[in-house]
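Everything on this sheet refers to the single structure shown next.
The values are calculated or read from the model by the stated rules, or taken from the named source; none is laboratory data. Everything numeric in this text was worked out from a predicted model, so none of it was measured. Cβ: placed from backbone, ideal geometry, glycine included. Neighbour counts: every protein chain shown.
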């Protein structure tokens, strides 16, 4: 059943907030194949379609691969397109993710983060979106239901910006955020529509007066040129993320950046962590601050493109840093966040010690005590100047 709401405070799950944001955006096309834990996004949005609250063409397909294929076709035809998935669903889209980005199509996808099989697991980690990190999609990560709602609305403007024209993925933690009810502040339909505006694709397959070719064969004499343009657009999107966030903040009073810091400015020790686990870590920061330990947190919001200069600037004067990944790169050398943060800090004049800690795979609880233990380990590293274990699993 569709939820009827107006502007103001509402208690919503992450999935309901995403579905409601989609309803307010009113995309032209939504190809969909539900999968846990993102199922309710499509179920609730389908109710808005059935009730006539949106004019969206909802396409029910036979697989997630088909869903992204339909997204590509619709977007290439000039439509504003949105969908949602999780885990194996995103993995089944893999081939089409690269095609969507290579064709420079501003598709908006919500990924409700869930572990990849095997063994089969329906709970949260970031192996799905991290596996897709190099597919040419912009990636935004969300700590709370409010941020997921706000990120999706901003995602439309980011993807469709004339300097970007790339697909974008908005990520939130499965069950932890997708199914938890939080009080959030909703915008009115008119405010959302005024913010995202109308989408008018510059080129479409249906514009027979100005015919274009999309997805054709490209041989060694020009393939790299396409990829160079795509890479430049990805790099430019960082500024667009900030520009859109600034406009969002001016209009609605909620400010976003490339990342969030918490009590980081004067900290000697820091944890870097994504999404909902940042809230748990903030509690640990507060507890240890009361004991006189100068600790802080950095939570990335934008992961693709990777804002390496800004992140390095925020962390360069720390003594020891733990990068906590809810995914393992299976390289024997740390998780995906760790490798990129360590690289970003390589040119720092006084390079901090950086360690990799992998936590919470398959939904394993990450508790305040786990964060405290990491900070205590960082304290020892800072005092001794020695890292005994570069990478290890915690929350075992």
request  = Kindly check whether there is at least one residue in the range 128-136 that is in a loop (DSSP other than H, G, I, E, B), in contact (Cβ under 8 Å) with a residue 60 or more places away in the chain and either within 11 Å of the chain's Cα centre (by Cα) or surrounded by 20 or more Cβ atoms within 10 Å (Cβ to Cβ) (or both).
outcome  = yes
request  = Evaluate the range 53-66: report whether one residue or more is within 22 Å of residue 175 (Cβ to Cβ) and at pLDDT 95 or above.
outcome  = yes
Any hit, the range 5-28, residues being out of contact with any strand residue (DSSP E or B) (no Cβ under 7 Å at 6 or more places or on another chain) and at pLDDT below 95 = yes
query = Does the range 76-87 contain any residue that is crowded, with 24+ Cβ neighbours inside 10 Å, farther than 30 Å from residue 231 by Cβ and modelled with pLDDT of 95 or more?
reply = no
query = Of all residues in the range 171-186, how many are out of contact with any helix residue (DSSP H, G or I) (no Cβ under 6 Å at 6 or more places or on another chain) and either modelled with pLDDT under 95 or assigned to a strand (DSSP E or B) (or both)?
reply = 5
task = Considering only the range 258-287, state which residues are under 14 Å from the mean Cα position of the chain (by Cα) and either in a loop (DSSP other than H, G, I, E, B) or modelled with pLDDT under 95 (or both).
result = 258, 273, 274, 275, 276
inquiry  = Taking the criterion of being farther than 26 Å from residue 262 by Cα and surrounded by fewer than 23 Cβ atoms within 10 Å (Cβ to Cβ), would at least one residue in the range 150-158 satisfy it?
reply    = yes
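What are the residues in the range 187-226 that are in a helix (DSSP H, G or I) and surrounded by fewer than 13 Cβ atoms within 10 Å (Cβ to Cβ), if any?
Matches in the range 187-226: 190, 194, 223, 224, 225.
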message = Could you check the range 304-334 and list, in sequence order, the residues that are surrounded by 18 or more Cβ atoms within 10 Å (Cβ to Cβ) and over 27 Å from residue 159 (Cβ atoms)?
response = 315, 318, 319, 320, 321, 322, 323, 324, 328, 334
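Can you give me the ranges of the helices (runs of 4 or more DSSP H) entirely in the range 288-396 with at least 2 residues that are not assigned by TED's automatic domain parsing to the domain that holds residue 271?
none
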remark   = By residue number, the members of the range 286-315 that are touching a strand residue (DSSP E or B) at 6+ places or on another chain (Cβ under 6 Å), within 18 Å of residue 357 (Cβ to Cβ) and in contact (Cβ under 8 Å) with a residue 60 or more places away in the chain are 288, 295, 299, 300, 303
key: Residue count for the range 137-149, restricted to those that are over 19 Å from residue 277 (Cα atoms) and either outside the structural domain of residue 241 (by TED's automatic domain parsing) or surrounded by fewer than 24 Cβ atoms within 10 Å (Cβ to Cβ) (or both)   = 1
query = Just wondering, is there one or more residues in the range 232-242 that are in contact with a helix residue (DSSP H, G or I) (Cβ under 9 Å, 6 or more places away or on another chain) and under 15 Å from residue 150 (Cβ atoms)?
reply = yes
task = Would you point out the residue of the range 385-395, among those that are surrounded by fewer than 12 Cβ atoms within 10 Å (Cβ to Cβ) and farther than 14 Å from residue 352 by Cβ, that is farthest from the chain's Cα centre (by Cα)?
result = 388
key: Odd one out for residue 57 among (1) crowded, with 22+ Cβ neighbours inside 10 Å; (2) within 23 Å of residue 212 (Cβ to Cβ); (3) in contact with a strand residue (DSSP E or B) (Cβ under 7 Å, 6 or more places away or on another chain)   = (1)
